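Peer 1: A single structure is presented below for examination.
The values are calculated or read from the model by the stated rules, or taken from the named source; none is laboratory data. Everything quoted here is computed from the prediction, not taken from an experiment. Here the Cβ positions follow ideal geometry from the backbone for every residue, glycine too, while neighbour counts run over all protein chains shown.
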Amino acid sequence: MNLKNIAIVAHDSKKQVLIQWLEVHIEQLKQHSFIATGTTGSLVMQNFPQLEVDIKLSGPLGGDQQIGGLIATGNIDVLIFFTDPMTAQPHDVDVKALTRLAVVYNVPTALNRASADFLITSPLFASEYNIDSNDYTAYLKRFE
């Protein structure tokens, strides 16, 4: 088993969905490391005291950006972010920046329960997996 650094984030209306999802998969996930935004991380620790969770700031106060920084420095292997597409988020630009960084750095990302199920049940989840970086050489040359 290859241990992963898993970032977990959930919008307010999806926090209980995340807790229910973790409950179903706790045996598979408990040996991994977790990084979470403030309220989500606190809720996870209350429900799963056996998990180690590195809690960052609340999303609207910079937590999304802290996790984005960890993605950019190669310290996140998986992003589980249960989003609410039906509710306007006051920090929507931070949410978009976080998901954009996950794409830029090719980090496997699940935005709902079904995609999270598919992601963690993939044989690749339990094995060593080297994330290939996207090649942005042509993009960077524009600034030289």
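Matching residues to (1) without any contact (Cβ under 8 Å) to a residue 24 or more places away in the chain; (2) within 20 Å of THR40 (Cβ to Cβ); (3) out of contact with any Gly (no Cβ under 6 Å at 6 or more places or on another chain):
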residue: ASP77; (1), (2), (3): no, yes, yes
residue: PRO85; (1), (2), (3): yes, yes, yes
residue: ASN106; (1), (2), (3): no, no, yes
residue: LEU111; (1), (2), (3): no, yes, yes
residue: ILE120; (1), (2), (3): no, yes, yes
residue: LEU124; (1), (2), (3): yes, no, yes
residue: TYR129; (1), (2), (3): no, no, yes
residue: ASP132; (1), (2), (3): no, no, yes
residue: GLU144; (1), (2), (3): yes, no, yes
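Peer 1: Given the residues THR87, THR73, which is the only one that is of a type in the set (Ser, Thr, Tyr), surrounded by fewer than 17 Cβ atoms within 10 Å (Cβ to Cβ), farther than 21 Å from GLU27 by Cβ and in contact with an Asp or Glu (Cβ under 9 Å, 6 or more places away or on another chain)? Give the steps one after another, and end with the answer.
Peer 2: On the way: THR73 fails: in contact with an Asp or Glu (Cβ under 9 Å, 6 or more places away or on another chain).
Criteria check complete, one pass: THR87.
Peer 1: Taking only region 90-104 into account, find how many residues are buried (at least 17 other Cβ atoms within 10 Å of the Cβ) and either assigned to a helix (DSSP H, G or I) or modelled with pLDDT of 95 or more (or both).
Peer 2: So the count comes out to 6.
Peer 1: Continuing with this model, one more query. Go through region 91-104 and give me each residue that's among the acidic types (Asp, Glu) and free of Cβ contacts under 8 Å to residues at least 12 places away in the same chain.
Peer 2: ASP92
Peer 1: Could you tell me which numbered condition TYR136 fails, if it satisfies all but one of (1) of a type in the set (Ser, Thr, Tyr); (2) over 14 Å from ALA7 (Cα atoms); (3) in contact (Cβ under 8 Å) with a residue 60 or more places away in the chain?
Peer 2: (3)
Peer 1: Sticking with this structure for a sec: Can you pull out the residues in region 13-26 that are modelled with pLDDT of 95 or more and surrounded by fewer than 16 Cβ atoms within 10 Å (Cβ to Cβ)?
Peer 2: Answer for region 13-26, where residues must be modelled with pLDDT of 95 or more and surrounded by fewer than 16 Cβ atoms within 10 Å (Cβ to Cβ): GLN16, GLN20, GLU23, VAL24, HIS25, ILE26.
Peer 1: Can you pull out the residues in region 1-52 that are of a type in the set (A, V, I, L, M, F, W, C) and part of a loop (DSSP other than H, G, I, E, B)?
Peer 2: MET1, LEU3, PHE48, LEU51
Peer 1: Could I ask something else about it? Residues that are closer than 21 Å to SER122 by Cβ and assigned to a loop (DSSP other than H, G, I, E, B): does region 58-71 have at least one? Before the answer, list the steps.
Peer 2: In the first step, residues of region 58-71 are kept if they are closer than 21 Å to SER122 by Cβ; the result is 71.
After this cut, where a residue has to be assigned to a loop (DSSP other than H, G, I, E, B) as well, the list is none.
Within region 58-71 (the criterion being closer than 21 Å to SER122 by Cβ and assigned to a loop (DSSP other than H, G, I, E, B)), the answer is no, since none of the residues qualifies.
Peer 1: Also, I was wondering about something else. For region 73-82, indicate whether the set of residues that are farther than 19 Å from ALA116 by Cβ and more than 12 Å from the chain's Cα centre (by Cα) is non-empty.
Peer 2: Taking every residue of region 73-82 in turn, at least one turns out to be farther than 19 Å from ALA116 by Cβ and more than 12 Å from the chain's Cα centre (by Cα).
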